[in-house]
Structure formats: structure tokens, C-alpha cells
């Protein structure tokens, strides 16, 4: 199959990865978003998105 950069081009490929990471965190590991991470990103979430989510967690300085 095609890669996400082939399908969307840049920077939309980065946006897709970020969105799939964010939505998977909300919807859970059995969601279509998790499946997209498995299929297109070797199960790897977007690290920048995870970092930003951590920064937004309550109790973080």
C-alpha cells in the first residue's frame, strides 16, 4: 500500500499522524485511530503530540 506521505503529502502527513495519536488517546487501543497508527506508523504515536498532551495535564507546571 501507499505511505501516508504519498497519500497526503507534506505537511498533511504530519497532521494526520498527530490527529491519529490524539484521537487514539481518547478512543482507546481498539479504535480505528489505533489501527491507523499500527498500519501506517508501525504503532508509533507522534512524539510531539504526546509531549504537548503531557504539558497540558493537570498538575503540570
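The single condition among (1) under 11 Å from the mean Cα position of the chain (by Cα); (2) at positive phi that residue 28 does not meet is (1). Restricted to the range 15-25, and to residues there that are over 13 Å from residue 53 (Cα atoms) and touching a residue at least 12 places away in the same chain (Cβ under 8 Å), the residue that is farthest from the chain's Cα centre (by Cα) is 16.
Only the coordinates and a few stated rules stand behind these numbers; no lab work does. Fair warning: this is a prediction, and the values are worked out from it, not measured in the lab. Every residue, glycine as well, gets a Cβ built from its backbone with ideal geometry; the counts of neighbours run over all protein chains shown.
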